[in-house]
Amino acid sequence: MLSQLKFKSNNLLKQFLIVLVFVFCSNIFSQEHPNLILTKKGVENIRKQLGSIPIFDKTLAETKKEIDIEMTTGVHVPIPKDMAGGYTHDRHKKNWLTLQKAGVLYQLLEEEKYASYVHDVLKAYAEIYPKLPLHPQTRSYARGKIFWQCLNDSNWLVYVSQAYDCIYEYLSKKERDHLEKNLFIPYANFLSEESPQFFNRIHNHSTWGNVAVGMIGLVMDNEELINRALYGLKSDKIDPNQKDNDGGFIKPKGQKTGFLANLDEPFSPDGYYTEGPYYQRYAMYPFMIFAEALQNTKPELKIFEYKDDVLIKAVYALLNLTDSDGEFFPLNDGQKGMSYYSRELISAVNIAYHFGGNDTSLLSIAKKQNKVQLDDTGLAIALGLMQNKATPFKKKSVELKDGSDGSEGGVGILHSKDSGLSLVMKYTAQGLSHGHYDKLSFSYYNNGDEILQDYGLARFVNIEQKNGGGYLKENKTWAKQSIAHNTIIQDENSHFKGDFKTGSNHHSEKYLFNISNPKLQIVSAKEDNAYINTKLHRTMIMLEDEDFENPLLIDVIQFSSDTTHQFDLPFYYHGQIMDTNFEYSSPNNLSVLGNKNGYQHLWLEGKGVSPNDKTVRATWLSNNTFYTLSSLLDTNDEFLFARIGANDPKFNLRRDPSIILRKLNAKNGAYINVIETHGSYNRVTEIAHNAHSNIKEIQRLPTIDNNYIAWLIRTKKDKVHTFILCTSNADSKIKHKINLNKKAYQWSGPYSYVKEN
């Protein structure tokens with residue numbers, strides 16, 4: 001009997017120990033919250049530092065003030081009905097930002113009112129979400145439920161997932177089960193399985209969708225959702241011919257999808273995102289915030305090392321794609337004025353600094369931004385600034401290759417050393433549905449001021465009066481068309497005839513990018529597919545020389561075709577024409593320049609005709625600086641003054657001016673142009689300084705060998721600058737010999753430059 005009792009007691013002890021071990025192990029391996037962007041350990045560290053980290057304390061105080069005011073207005077979860085800019089759209093957008101910030105405040109300040117507020121709002125969403133139909137606005141290819149498009153629904157969940165993570169342990173299991181059953185799980189399923197045309201593609205839209213599903217999956221420790229986010233849906237049944245709102249095809253058959261595929265495909269090894277900097281900025285928040293969450297929850301993925309650290313490189317690429325004011329170059333669809341002061345770039349810079357090796361040059365950007373992300377990454381920035389570790393972020397001339405393997409052209413950026421002049425030349429792939437038909441286009445800047453501009457997009461984002469904040473029809477009829485850019489156009493047709501599928505099959509080819517000599521930097525690229533049986537080659541040179549007050553921009557475009565065509569080359573300038581060295585006529589009644597492909601949106605304001613092979617000049621004044629375009633024109637070439645705004649009854653387009661150089665009935669030839677920055681005008685003293693061009697003439701030098709093009713620039717003091725370019729071989733080791741005007745020139749490499757007195 002005693003032995004039986006002893007056996008039973010031992011058995012009970014073993015069972016108790018097993019249960020104890022199970023509970024202990026469960027506590028060790030169960031998820032802690034918060035664990036996405038904020039972590040338990042990180043929160044404790046931040047709390048200890050509060051009051052001694054100025055930029056972090058400032059951001060926290062501003063956030064607290066904002067959210068305290070918002071919370072006094074109560075809970076607002078209206079039934080969705082509006083497009084972007086309408087009340088319900090903006091209210092739900094405000095909710096996602098408010099909830100995320102309130103969750104952070106709960107963690108950092110330990111005030112229960114913030115967690116209670118987040119819970120109250122989430123309960124309100126859980127009440128309406130199961131009964132919500134698709135959004136009543138039917139414009140999107142992928143309608144959301146809370147918003148007019150799934151994209152904005154995804155924005156909401158990316159931010160709200162962070163709020164839920166912050167209050168997860170504040171809630172009871174019953175409360176969590178209620179939210180997950182009625183809101184979060186059906187929400188994630190709707191964005192993914194029920195919207196494959198949105199979720200299963202390569203695009204910034206799907207990146208937001210992937211991250212939304214992944215973030216809420218991480219909070220709930222739902223491996224199915226996490227895998228769905230990382231690798232896409234296994235089956236989607238998408239019509240391969242279905243297009244999105246921007247005219248892009250949803251997904252080529254057999255293409256990989258998911259978050260990792262969206263890292264593989266749109267990003268080049270240099271970190272350039274094929275849609276362009278505006279949408280790269282927009283997509284960087286989900287890319288970087290999910291990467292931070294994955295690093296905190298699944299460090300074994302080593303996400304910041306993926307594709308040779310492409311996410312960290314992408315932040316540097318974006319910073320290099322800004323002007324001196326921090327505004328992104330508007331390549332492809334891009335709204336002007338968007339800059340690295342946006343919340344997406346504040347987050348990206350913080351994360352890149354913390355996870356990318358604490359590069360102190362990023363601290364100087366963060367200092368300008370004057371805000372931080374309220375987590376470990378923002379703390380790292382704050383500590384670095386407090387310790388005076390910031391060093392200047394110096395923008396250097398750089399080429400950013402396009403294409404997943406870097407083989408699909410790129411963007412060449414040239415910066416003058418001291419004058420603040422910057423050239424951006426685009427020779428990329430199409431850029432998905434946000435791409436424009438502008439092969440070999442360029443824009444030019446002077447310390448943030450546009451000298452020669454890229455139009456950007458035709459849209460007023462989140463302004464309801466303008467098409468509900470969405471893209472205007474003029475984005476297709478004007479902004480995407482070739483004539484809207486500073487590039488060459490044949491027979492008034494856009495590149496690839498404006499066909500997305502055709503354009504997506506081709507990219508320009510880099511010929512040359514050389515910045516070894518800071519006083520003579522060169523970028524050159526070719527395009528053989530924009531027009532059938534026509535080859536285009538553009539070379540741009542930034543020359544710094546004592547003969548000129550500021551560096552010159554030399555622009556040479558060669559074209560060759562099987563048959564004769566009309567070729568146009570526009571320059572979209574800002575400012576007021578001061579004078580010209582040729583006669584032109586101005587009509588009393590404006591006429592439209594053409595009837596399609598963007599030409600229908602241009603008024604013809606003046607026309608001059610070159611009487612013989614001559615250097616023609618036009619000088620304009622912009623922001624108190626003079627600029628002169630000098631162009632070598634052939635006999636009977638036309639010099640047109642045009643202005644945007646025709647056939648635009650709703651005033652959707654800016655009324656910007658343009659100069660268009662037109663060649664009629666040309667088969668082979670070249671444009672040789674020089675853009676000169678000079679002088680100034682003081683509006684107080686009313687004195688103009690150096691208001692005239694210093695260029696006397698441009699000459700094209702005859703070459704027997706068609707593999708070369710040569711020209712000279714002669715100053716008014718008869719200083720001669722001679723250039724020779726080999727157009728068939730860019731090998732730096734190849735030796736060349738050529739006779740020009742009975743004079744022999746020898747050199748190695750693809751080009752030669754000689755200054756002669």
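The values are calculated or read from the model by the stated rules, or taken from the named source; none is laboratory data. Please read these numbers as outputs of a predicted model, since none were measured by experiment. Cβ sites come from the backbone with ideal geometry, for glycine too, and all protein chains shown count toward neighbours. Just the protein is used for accessible areas: all its heavy atoms, side chains included, with ligands, DNA and RNA removed. Shrake-Rupley method; radii C 1.70, N 1.55, O 1.52, S 1.80 Å.
Before moving on, here are some points about what is shown:
- Taking region 698-729 as the range and being open to solvent by 50 Å² or more (accessible area, probe 1.4 Å) and either under 11 Å from Thr615 (Cβ atoms) or not acidic (Asp, Glu) (or both) as the test, the residues that pass are Gln699, Arg700, Pro702, Ile704, Asn706, Asn707, Arg714, Lys716, Lys717, Lys719, Ser728, Asn729.
- Of all residues in region 305-353 being acidic (Asp, Glu) and assigned to a helix (DSSP H, G or I), the one that is surrounded by the most Cβ atoms within 10 Å (Cβ to Cβ): Glu344
- Number of the condition not met by Lys181 [criteria: (1) within 18 Å of Ser206 (Cα to Cα); (2) part of a helix (DSSP H, G or I)]: (1)
- Among residues of region 18-43 that are in a helix (DSSP H, G or I), those with a Cβ under 6 angstrom from a residue that is surrounded by 14 or more Cβ atoms within 10 Å (Cβ to Cβ) and modelled with pLDDT of 95 or more, sequence gap 6+ or separate chain, pair up as Gly42/Asp376; Val43/Gln107.
- Residues of region 193-214 satisfying the condition of being open to solvent by less than 10 Å² (accessible area, probe 1.4 Å), more than 19 Å from Glu265 (Cβ to Cβ) and not hydrophobic (A, V, I, L, M, F, W, C): Ser195
- Counted residues, region 117-157 - those being open to solvent by less than 40 Å² (accessible area, probe 1.4 Å), more than 14 Å from Asn95 (Cβ to Cβ) and in a helix (DSSP H, G or I): 3
- Matching option when the condition is under 14 Å from Gln600 (Cβ atoms) and of a type in the set (D, E, K, R), among Lys476, Lys497, Lys466, Lys501: Lys476
- Residues of region 453-507 satisfying the condition of being among the aromatic types (Phe, Trp, Tyr), open to solvent by less than 30 Å² (accessible area, probe 1.4 Å) and outside any helix (DSSP H, G or I): Tyr455
- Residue within region 582-591 that is touching a residue at least 60 places away in the same chain (Cβ under 8 Å) and either crowded, with 18+ Cβ neighbours inside 10 Å or in contact with a strand residue (DSSP E or B) (Cβ under 6 Å, 6 or more places away or on another chain) (or both) present: no
- Condition met for Lys473 (modelled with pLDDT of 95 or more and out of contact with any strand residue (DSSP E or B) (no Cβ under 8 Å at 6 or more places or on another chain)): yes
- Checking Tyr164 against (1) over 19 Å from Gln100 (Cα atoms); (2) not in a loop (DSSP other than H, G, I, E, B); (3) not basic (Lys, Arg), the condition it does not meet: (1)
- Of residues in region 619-647 being within 18 Å of Pro551 (Cα to Cα) and of a type in the set (A, V, I, L, M), the one surrounded by the most Cβ atoms within 10 Å (Cβ to Cβ): Leu629
- Taken as a whole, the structure places Ser748 among residues that are open to solvent by 60 Å² or more (accessible area, probe 1.4 Å) and farther than 16 Å from Ser630 by Cα.
- Residue list for region 417-430, filter: more than 20 Å from Leu536 (Cα to Cα) and at pLDDT 95 or above: Leu421, Ser422
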